[in-house]
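Here the structure is laid out as structure tokens; the discussion comes afterwards.
The values are calculated or read from the model by the stated rules, or taken from the named source; none is laboratory data. Predicted, not measured: the structure shown is a model, and the values here were computed from it. Positions of Cβ are generated from backbone atoms using ideal geometry, with glycine treated the same way; all protein chains shown enter the neighbour counts.
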Amino acid sequence: MKISYVRIDDRLIHGQVATVWVKTYSCNRIMCCSDEVAQDELRKQLVLQVAPPGLKAYIVPVQKAIEAFNNPKYDSFNTFFLFTNPTDVLRMVEAGIPFDTVNLGGMRYVEGKTQISQAVSVNDQDVESLKKLHEKGVKLELRQLVKDPKVDVMEKLQSMNLL
Amino acid sequence: MLAIIIGTHGYFAEELLKTAEMIFGPTSNVKTIHLIPGKGVEDLVKEYDAAIEELDTSNGVIFLNDLFGGSPYNAACRVAMRSDDYAITAGVNLPMLIEVLSMQSMEGAVPILEVMERALAAGQTGQSNFHRTLFEKMATEEL
């Protein structure tokens, strides 16, 4: 399986992703990796039905995504990976999946989180996982829209005294 | 560069462009033309001409109109009769505009006839129905 792009966006497939991101980083599959969403049949269906025409989308638990990545059966897949949080990305990286760059695109604000950009808010666990990803050499960029400038996540966290 | 002119009844064009920018980011080489009460087809032709003057039209001009047969469309037809490099797609919606913006930002020129066809296709495939009785029957593909 090839990696087209890796994005953290807790809305998973939505307008910006379906119309611009998956076209900019061309792919033939979309894989949403989330234990939580994979268990939620209604949400799963609602996310899958908005996959762009002609692109097959899957919602799988993280462990299943790791197995699929390593399965030669899916060698023809050029996959656009979507996650809802950096901890799930870290689980994949720790299992040896070679993500070199991860885009931090959308994590909505809930109480107890700190907003670091218009579209992204993080909690302590997110920061911890981002730090570990950085230590493993994964490049982390903060960018909501394709056309937005890429902001270095670690520099941003540093400047906000979150590290 | 491909020039994009959105011509609509009322301020739909301008608001549609602002909405597209929420998804696409900032845009350039796009003009909006509005038919407001009191204006006629002649006025719109002049406004289209003025817009074309200000745009980079080296890769052609695509007119996106809201209503087939409406005045913004009819005026665009008059302008588009003048050049093979001009084309019109009616029934503009958000998926259509995003597709056209994507083609504009691609490296290398997309032929204007292809721009026109892909705009129409995007507008059409961007439309769909939802009803829970039909939706529940939808099969999910498993890995």
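In summary, helices (runs of 4 or more DSSP H) completely within region A:1-105 and bearing 2 or more residues that are at pLDDT below 95 occur at A:41-48. Among the conditions (1) surrounded by fewer than 21 Cβ atoms within 10 Å (Cβ to Cβ); (2) more than 10 Å from chain B (Cβ to nearest Cβ); (3) closer than 30 Å to A:D124 by Cβ; (4) touching a residue at least 12 places away in the same chain (Cβ under 8 Å), A:I13 misses just one, which is (1). Looking at the structure I just gave you, is A:A57 surrounded by fewer than 21 Cβ atoms within 10 Å (Cβ to Cβ) and either more than 9 Å from chain B (Cβ to nearest Cβ) or of a type in the set (G, A, S) (or both)? Spelling it out, it is not the case that A:A57 is surrounded by fewer than 21 Cβ atoms within 10 Å (Cβ to Cβ) and either more than 9 Å from chain B (Cβ to nearest Cβ) or of a type in the set (G, A, S) (or both).
Annotation: A:V89 fulfils all but one of (1) surrounded by fewer than 16 Cβ atoms within 10 Å (Cβ to Cβ); (2) on the phi < 0 side of the Ramachandran plot; the unmet one is (1). Residue count for region B:33-82 under the criterion of being surrounded by fewer than 13 Cβ atoms within 10 Å (Cβ to Cβ) and among the aliphatic types (A, V, I, L, M): the result is 3. Evaluated against (1) over 17 Å from the mean Cα position of the chain (by Cα); (2) closer than 27 Å to B:A109 by Cα; (3) acidic (D, E), B:D43 falls short on exactly one condition, (2). Being at positive phi and within 14 Å of another protein chain (Cβ to nearest Cβ) is a condition met by at least one residue of region B:15-28. Within 19 Å of B:G123 (Cβ to Cβ) and out of contact with any Lys or Arg (no Cβ under 9 Å at 6 or more places or on another chain): is that true of B:V30 in this structure? Taking the combined requirement at face value, the residue satisfies it. Condition check for A:K132 on (1) within 30 Å of B:P26 (Cβ to Cβ); (2) in contact (Cβ under 8 Å) with a residue 24 or more places away in the chain; (3) touching a helix residue (DSSP H, G or I) at 6+ places or on another chain (Cβ under 6 Å): one failure, at (1).
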